Amino acid sequence: MINEEMNLVENLFDEERMEKVPTRNGFGEGLVNSGKKNENVVALCADLTDSTRISFFQKEFPERYFEMGISEQNMASVAAGMAVAGKIPFISSYGVFSPGRNWDQIRVNVCYNNANVKIAGAHTGISVGPDGATHQALEDIAITRCLPNLIVMAPADYLETKKAVEAAAEHKGPVYIRFAREKDPVFTTEKTPFEIGKANLLKDGNDAAIVACGPLVYKALIAAKKLEEEGISVLVLNNHTIKPIDEDAILEAAKKTGAIVTVEEHQVNGGMGSAVCEVLSKNHPVPVEMVGMQDSFGESGAPEELLEKYGMSVDGILEAVKKAIKRK
Amino acid sequence: MSYIHDDKIKQLEEKANEMRQDLIQMLLEAGSGHSAGPLGFMDVFCALYFHVLKYDPKNPDWEDRDRFFLSHGHIAPGLYTAMAHAGYFPKKELMTLRKFGTRLQGHPHRETLPGLESTSGPLGQGLSQAIGTALAAKLDKKDYRVYCAVSDGEHDEGQTWEAVLCAARYKLNNLTAILDRNNIQIDGFTEDVMPLDSLVEKYSAFGWHVIEVDGHNIEQIVNACEEAKAIYEKPTMIIAHTIPGKGVDFMEFKFEWHGKPPNKEEAKESLNQLRTLGGKIKSEHE
């Protein structure tokens, strides 16, 4: 049963005809909106303006855009210096470089310093595809969600990314948002609610619950529909905020269904799934299956081929749900 | 031409000496911390806090204040001493350095102590933060200046050079950096660990205005800071040649004193030397 309060698109399962836009566009557009609302919003990029879509902001507000060259460490610290002087800087690069390469600067200058810096990680997940393993950020959630003061988000589609970016600009304090390269189905609408730290119950169900984040949320919905046709009732939770995690929503899903499947384009070690397991093991342990990278690096290939190989396709999710139910 | 009167120079020299004495007592009480660096940079701290910087200790968030960033956070005891003398907090609080519940953390934490502009310790990050504030000042059309102290050792870090490029790229003439050129780092002399010279040529080649000063000459430090204000379209790097451990003969020039405090006997001898200016005057404290 799709939750009507979520106001998802009509014809939710007509994937062919659905509008597809990359989540990174949501970043670019959300940032422009935030820039219009607040003149303190500024943007910095490390030589990747077009592919991160920070170019949208650069075009609209050239005087508030700062090119940093290929220097992610300097970029993070410069942003911290701007933030303590009252600016709201967004820094952008690929996730492997920021927060990858500049983790220490983010830890000390941004998080410990509690500087109002927003970190936008582009090209995250295996679906980055042909560029190969070096450019596929699959560890960024793990290395950010352990940092005090930092909010961590992985929005599910273009519109949700836009809302997440605007919410980040309004939140006072450090935020990390990851987004993806590929065109993904836009299954939410302007009316779909979004609140930092509040997971969205997209579909109700009784036999198992899928807790997903990022563009794979849509695949989780498809998997749930297919399982429904086999008589298995699956709840789907869009866990767009990994930190602070929505404990109530996760525990409710666990209590209701007794089996959890976590789905993310990230290493299962330390990622969103691990965060869910931390909540469950402390409060209400149930069997968990984790869909994600199983402790390996990626490789070149088409996004769909890679998702298939590494178990993050619709079929991979289906199997994980069945396995979790068997373990109940 | 000089930007500071002889009387004021004399007064600041005396103040720097008092600050060194407070520093020794503070380090003795803390039982850990860095001695050589803060002693070596104390004359610069003194010149900055008592002649160069615009600030109001009663209103540490004053919008138009000059900003001072300390990149090599491990010499924080020197900064804390300057801040206490400047009136940011009572001098007796210096005795809480590094202790449980203190505002004077082992390495500075901005949110903990009003008047600190940055959180630092991991090396190579301060200049970048100063650049961020200098860029914000330009954007806001504010005419406060941004000062940043950096160590020589942290020029081993790649990020320092990222920042050096960036400050020149943005022609940050509102940024004055002061290099604490004391030639030591934890593992030895900088030129043995990882040679840095010629820093003058390096900074000039990177598009900075460079001034070399004796880091123990208040007049030279003040004049260099004034000269920097007159430079257009370039950031300024003042290379301050300092003697690590300055004022205490058994600490001077010794990298072994980078990261340890004096014990009781050593503190007594240090204070005696400082109070008598190395035996040149008779101490009234004896």
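Hey, in the GNM for chain B with a 10 angstrom Cα cutoff, which one of B:Ser270, B:Ser151, B:Ser204 fluctuates hardest? So, out of B:Ser270, B:Ser151, B:Ser204, the one fluctuating most is B:Ser204.
For the range B:206-247, the mean projected area of the C-alpha convex hull, equal to one quarter of the hull surface, is 3.2 nm². Legend: mean number of C-beta atoms from other chains within 10 angstrom of residue C-beta atoms, peptide B:132-144, equals 6.
Peptide A:17-30 shows a mean partner chain C-beta count of 0 within 10 Å per residue C-beta.
Let me know the Kirkwood hydrodynamic radius for the protein assembly as shown, please, with Cα pairs as the basis and the value in Å to one decimal.
After inverting the mean inverse Cα-Cα distance, the result is 26.2 Å.
Over all other residues within a Cβ to Cβ distance under 13 Å of A:Ser55, the charged ones net out to -2, with Lys and Arg as +1 and Asp and Glu as -1. Taking every C-alpha pair closer than 8 Å and separated by at least 6 residues, the mean separation divided by the residue count of the range A:197-328 gives a relative contact order of 28 percent. Ranked by the mean number of other Cβ atoms within 10 Å of their residues, highest first, the peptides A:77-87, A:183-193, A:15-25, A:143-153 come out as A:77-87, A:143-153, A:183-193, A:15-25. Straight Cα distances below 17 angstrom link B:Lys91 to the lysines B:Lys15, B:Lys58, B:Lys99, with same-chain residues fewer than 8 positions distant left out. Taking the DSSP beta bridges in chain B as the whole, what percent of them are antiparallel, to the nearest 5? Approximately 10 percent, going by the DSSP bridge assignments. With K and R counted +1 and D and E -1, the other residues having a Cβ less than 10 Å from that of A:Gly35 yield a net charge of +1. With only Cα atoms counted, the range A:32-114 has Rg and Dmax values of 12.0, 32 Å. In this rough spin-label picture, where each label sits 7 Å from Cα along the Cβ direction, the A:Gln294-A:Asp104 distance is 3.6 nm.
Could you give the C-alpha radius of gyration of chain B expressed as a fraction of 2.2 N^0.38 Å, taking N as the number of residues it contains?
In units of the globular-protein estimate, chain B measures up at 0.95.
A crude spin-label estimate for the pair A:Asp14 and B:Asp214, with each label 7 Å from Cα along the Cβ direction, gives 8.5 nm. In terms of its Cα atoms, the range A:268-328 spans 40, 24, 13 Å along the principal axes, sorted from long to short.
Comparing A:Arg178, A:Arg53, A:Arg101 in a Gaussian network model of chain A where C-alpha atoms under 10 Å apart are linked, the largest mean-square fluctuation is found at A:Arg101. Beta bridges assigned by DSSP with both partners in the range A:193-326 are antiparallel in approximately 20 percent of cases.
Note on A:Asn269 and B:Glu269: the model spin-label points, each 7 Å out from Cα along the C-beta direction, lie 5.1 nm apart. Equivalent ellipsoid of the range A:1-142: semi-axes from √(5λ) of the C-alpha gyration tensor, largest first, are 28, 19, 15 Å. Based on the Kirkwood radius over alpha-carbon pairs, what value in µm²/s does the Stokes-Einstein equation return for the translational diffusion coefficient of chain A at 10 °C and 1.306 mPa s? The Stokes-Einstein estimate is 82 µm²/s. The convex hull drawn around the Cα atoms of the range A:193-326, when projected onto a plane and averaged over every direction, covers 7.7 nm². With 5 Å bins beginning at zero, the pair-distance distribution over Cα atoms of the range B:39-156 amounts to 2, 12, 21, 26, 21, 12, 5, 1, 0 %.
Using a 10 Å cut-off on Cβ to Cβ distances, tally the other chain neighbours for every residue of A:193-199 and report the average as a whole number.
Partner-chain Cβ atoms within 10 Å, mean over residues of A:193-199: 0.
The B:Lys229 and A:Lys183 beta-carbon pair, evaluated with R₀ = 41 Å, returns a calculated FRET efficiency of approximately 0.20.
First obtain the Kirkwood hydrodynamic radius of the range B:16-97 from its Cα pairs, then insert it into the Stokes-Einstein equation at 10 °C and 1.306 mPa s, and state the resulting D in µm² per second as a whole number. Diffusion coefficient, whole number: 123 µm²/s. Taking the DSSP beta bridges with both ends in the protein assembly as shown, the antiparallel portion is around 15 percent. Extension gain for the segment B:Gln11 to B:Glu191, taken as residue separation times 0.36 nm less the Cα-Cα distance, is 61.3 nm to one decimal. Contact order for the range B:83-237, expressed relative to its length and based on alpha carbon pairs under 8 Å spaced 6+ residues apart, stands at 18 percent. Here the sum of -39500 (n - 2.57) over DSSP H runs of 4 or more residues, divided by the residues of chain A, equals -10000 deg cm²/dmol at 222 nm, to the nearest 500.
Each reported figure results from applying straightforward, stated rules to the coordinates on display, with no laboratory input. From a predicted model like this one, the values you see are computed outputs, not experimental measurements. As a convention, Cβ positions derive from the backbone with ideal geometry for all residues, glycine included, and neighbour counts pool all protein chains shown.
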